[in-house]
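Here's the structure, in structure tokens; my notes come after.
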Amino acid sequence: MPAPDPDTAHSDVLDTLAPLDPLGRERAHLTASRAALRAMREDAQALDIRDVTANWVNAAVLGAQIEERIKSLADLSHTPLFFGRLDYLHVVGADRAEGAEGERFYIGRRHVHDADGDPMVIDWRAPVSQPFYRSSKKDPLDVGLRRRFGYTGGELTAYEDEHLSDPTEAAQTSKLLQAEIERPRVGPMRDIVATIQPEQDEIVRSGLSGSVCVQGGPGTGKTAVGLHRVAYLLYAHRDRLARTGTLVIGPNKSFLHYIEQVLPALGELEVKQATVDDLVAVHGEVRGKDDADAAVIKGDARMAEVLRRALRSHVTAVPTEPVVVVRGSRRWRVPAYELEEMVGELLSRDIRYGAAHDALPQRIAHAVLVRMEEAGEAPDDRVQDAVARNPAVKAAVKALWPAVDPAKLVLRLLSDADFLAEHAEGVLSAEEQKRILWAKPARSVKSAKWSAADVVLLDEAADLISRTHSLGHVVLDEAQDLSPMQYRAVGRRCSTGSATVLGDLAQGTTPWATVSWAQALRHLGKPEAVVEELTAGFRVPRDVIAYASRLLPAISPGLAPVSSVRESAGALSVRQVAAATLPGEVVAACAEALRNEGSTGLIAADARIGELAAALTAAGHAYLSPGEETTAESRLTLVPASLAKGLEYDYVVLDEPAAVVSGEPDERTGLRRLYVALTRAVSGLTIVHTAPLPAPLR
């Protein structure tokens, strides 16, 4: 049956098609909705702002806003415009008169309206869309029918109905929902807007004012939940967040590249993404490296107190000389005891060092003005500012509360054993102090070879001097791997806003990985954050997650294992081979996996990547690096175990688990790294090894 003209998509004529050809009716609505979206985009492109702005600045701002609007209205051909439909029993938001006909809404990734302004597709974030995710047979929320749509290459090919208010229809598992969850992964991470579960939706729609921490095992969708929460908050609080800003923080560039298309697919283009290293990079370039022990100490929250003491040591609390200001023929004297009171008051307020440095000359100048007034003069604010700039006042401030460069402060702490000992007394032990001191102190800030942990210390010192700008909302993913000092660095970026913290304690793979969310949230400055736990797995097959969960008692005792809701058990194969044939067997396993639809990831210990790369090349297999986008023609990615976190592949070949474990500083961290590698598969996992498997897996 030919599709009806888009202009009549909402007419009564279409309704007459429903009993005869319901799929045809839905396809017609899709065609009409796409036409309406094109019209919305054309309207935005046709806007003429030449006569509506007062100046070129306003014109530039408005022009940029219109450009973003045009981008957000792009019709992505392979992305369904709507994925569901709700038929309410009654009129929504109005008096529910007896016998009144209910309303129908199509739920999609963005709002689409026709020429009259009537909605054709409702944004999934709108309140009226919420029952699509929350309604059930037990609590239908006034929904008579929930319809899910199936798509193939952007074309609507199927639908599935649930009559939620019909007591004679039994609850059933959605086949389309299951198929969407298990759809092969090719390309970057995609949104889960069509498959959000009730417990996930509750987190997504939680308010902006509160912070949320999501503990979720592999495949529970915590990353997607965090990204969709950003999209929801931008919908519900757009004006506020447009002023204050939002930020997504991930563990590495490969991960950020993998997730970067999720928010644009939902129409959100303004969310910035960064790593923690990116946040602090403004203070110094990382050119050095710490051993694990030194990095753990430098990342300890106690370093904040050491830095605070070292900074405050520059203040002269007991001045010995008065300040004498000469103006014309008069000399105005501020005695030392009064200066001491000013300095003491600023110290007691514990304000930022730089703010106090700026306030002190004004305090001294005010004391001079009081004396002027007592002498019968009538000075104004301009006189006070002039006195504050007087050479005698500036000299006094330099002596009492000198300006401090954060990089020079940290450099001195890490280079001068006596200076460190003075300010780490009672905070760090003598052995700990020795571990963080540089063996070869740098001569200057420019020649310093800062480590990643050092640059975080620079960020802390800079914030002690001048307040760090705070955003409205920050999403922190893979948070379990951060040190306390890194948490503090992130917390500074949302000190007046809120945060969504995502992670899995069992996947902590750094020597300083957090042991509890309560501890992490305290360092972040969000101790009041609500901790939610996701235990239903939607990505990793049952047999694979059960196998990986054997490691949990050793890596995170007491943590609940993920319970997979996947109907398919998944393919799991463990193959022990001779050492001489290991590379060839691994390549053969990759070739076997590539016969299936979807992506394949070969994960191995970092030290073995070179050998495996050579084996793949010799066998004629092209491969990608993490972060490079898979395509239908290039579906194999060679992944160092250190970069596997957060990524997913339809099929995973894991090379030599024992090498993954031994490649880490300690066994617990190694087993956690292995847990991550084991849980990257969506459809099947093949383990190829020569050395004995770690004890928990035997």
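Please go through (1) buried (at least 16 other Cβ atoms within 10 Å of the Cβ); (2) at positive phi for GLY328 and return the number of the only condition it doesn't satisfy.
Result: GLY328 passes all but (1).
Here is a check on your reading of the model: is ARG50 open to solvent by 90 Å² or more (accessible area, probe 1.4 Å), without any contact (Cβ under 8 Å) to a residue 40 or more places away in the chain, part of a loop (DSSP other than H, G, I, E, B) and at negative phi? First the steps, then the outcome.
On the way: open to solvent by 90 Å² or more (accessible area, probe 1.4 Å): yes; without any contact (Cβ under 8 Å) to a residue 40 or more places away in the chain: yes; part of a loop (DSSP other than H, G, I, E, B): yes; at negative phi: yes.
Yes; evaluated as a whole, the condition is true for this residue.
Which one of these is open to solvent by 40 Å² or more (accessible area, probe 1.4 Å) and under 17 Å from ASP477 (Cβ atoms): VAL531, VAL515?
Details: VAL515 fails: under 17 Å from ASP477 (Cβ atoms).
Only one candidate passes the filter, namely VAL531.
May I ask you to list the residues in the range 204-219 that are open to solvent by 20 Å² or more (accessible area, probe 1.4 Å) and closer than 22 Å to GLY108 by Cα? Give the derivation first.
Filtering the range 204-219 down to residues open to solvent by 20 Å² or more (accessible area, probe 1.4 Å) leaves 205-207, 209-210.
Once the filter is applied, which keeps residues that are open to solvent by 20 Å² or more (accessible area, probe 1.4 Å) and closer than 22 Å to GLY108 by Cα, the range 204-219 yields ARG205, SER206, GLY207.
Residue check, ALA179 against (1) open to solvent by less than 40 Å² (accessible area, probe 1.4 Å); (2) of a type in the set (Gly, Ala, Ser); (3) modelled with pLDDT under 90, all met but one. Which one?
Answer for ALA179: the failing condition is (1).
Taking the condition of being open to solvent by less than 20 Å² (accessible area, probe 1.4 Å) and not in a helix (DSSP H, G or I), how many residues in the range 220-229 meet it?
Residues meeting the conditions: 1.
Would it be correct to say that GLU597 is surrounded by fewer than 16 Cβ atoms within 10 Å (Cβ to Cβ), touching a residue at least 24 places away in the same chain (Cβ under 8 Å) and not in a helix (DSSP H, G or I)?
Working: surrounded by fewer than 16 Cβ atoms within 10 Å (Cβ to Cβ): yes; touching a residue at least 24 places away in the same chain (Cβ under 8 Å): yes; not in a helix (DSSP H, G or I): yes.
Answer is yes for this residue.
I'm trying to understand the selection: among the residues of the range 53-102, which are β-branched (Val, Ile, Thr), in a helix (DSSP H, G or I) and at pLDDT 80 or above? Step through it out loud before you land on a result.
Of the residues in the range 53-102, the ones β-branched (Val, Ile, Thr) are 53, 57, 61, 66, 70, 79, 91-92.
After this cut, where a residue has to be in a helix (DSSP H, G or I) as well, the list is 57, 61, 66, 70.
Residues satisfying the conditions are ILE66, ILE70.
Filter the range 342-362 down to residues that are in a helix (DSSP H, G or I) and acidic (Asp, Glu) and give me whichever is surrounded by the fewest Cβ atoms within 10 Å (Cβ to Cβ).
Looking at the filtered set, the residue picked out is GLU345.
Please indicate, with yes or no, whether at least one residue in the range 556-574 is assigned to a helix (DSSP H, G or I) and within 24 Å of ASN252 (Cα to Cα).
So in the range 556-574, the residues assigned to a helix (DSSP H, G or I) come out as none.
Among the residues of the range 556-574, not one is assigned to a helix (DSSP H, G or I) and within 24 Å of ASN252 (Cα to Cα), which makes the answer no.
Just name the residue that is farthest from TYR133 (Cα to Cα) out of those in the range 69-90 that are surrounded by 15 or more Cβ atoms within 10 Å (Cβ to Cβ) and of a type in the set (D, E, K, R).
ARG69
Filter the range 260-283 for residues that are aliphatic (A, V, I, L, M) and under 29 Å from LEU457 (Cα atoms); which is nearest to the chain's Cα centre (by Cα)?
Pass one, the range 260-283, residues aliphatic (A, V, I, L, M): 262-263, 265-266, 269, 271, 274, 276, 279-282.
If we keep only those that are under 29 Å from LEU457 (Cα atoms) too, we end up with 271, 274, 276, 279-282.
Details: VAL271: 10, ALA274: 8, VAL276: 10, LEU279: 13, VAL280: 16, ALA281: 18, VAL282: 20 Å.
Result: ALA274.
Please enumerate the residues belonging to the range 620-670 that are assigned to a loop (DSSP other than H, G, I, E, B), open to solvent by less than 40 Å² (accessible area, probe 1.4 Å) and either modelled with pLDDT of 95 or more or hydroxyl-bearing (Ser, Thr, Tyr) (or both).
THR630, SER634, GLU656
Name every residue in the range 374-397 that is loosely packed, with under 12 Cβ neighbours inside 10 Å, of a type in the set (D, E, K, R) and closer than 29 Å to VAL318 by Cβ, in order of residue number. Step through it out loud before you land on a result.
Filtering the range 374-397 for residues loosely packed, with under 12 Cβ neighbours inside 10 Å gives 374-376, 378, 380-382, 389, 391.
After this cut, where a residue has to be of a type in the set (D, E, K, R) as well, the list is 374, 380-382, 389.
The answer is GLU374, ARG389.
If LYS253 satisfies every condition in (1) charged (D, E, K, R); (2) closer than 12 Å to ALA274 by Cβ; (3) touching a strand residue (DSSP E or B) at 6+ places or on another chain (Cβ under 6 Å) but one, which is the exception?
(3)
The values are calculated or read from the model by the stated rules, or taken from the named source; none is laboratory data. Since we're looking at a predicted model, the values are computed, not measured. Positions of Cβ are backbone-derived with ideal geometry, glycine not excepted, and every protein chain shown enters the neighbour counts. Ligands, DNA and RNA are stripped out before the accessible areas are found, and what is left, the full protein with its side chains, is counted by its heavy atoms. Shrake-Rupley method; radii C 1.70, N 1.55, O 1.52, S 1.80 Å.
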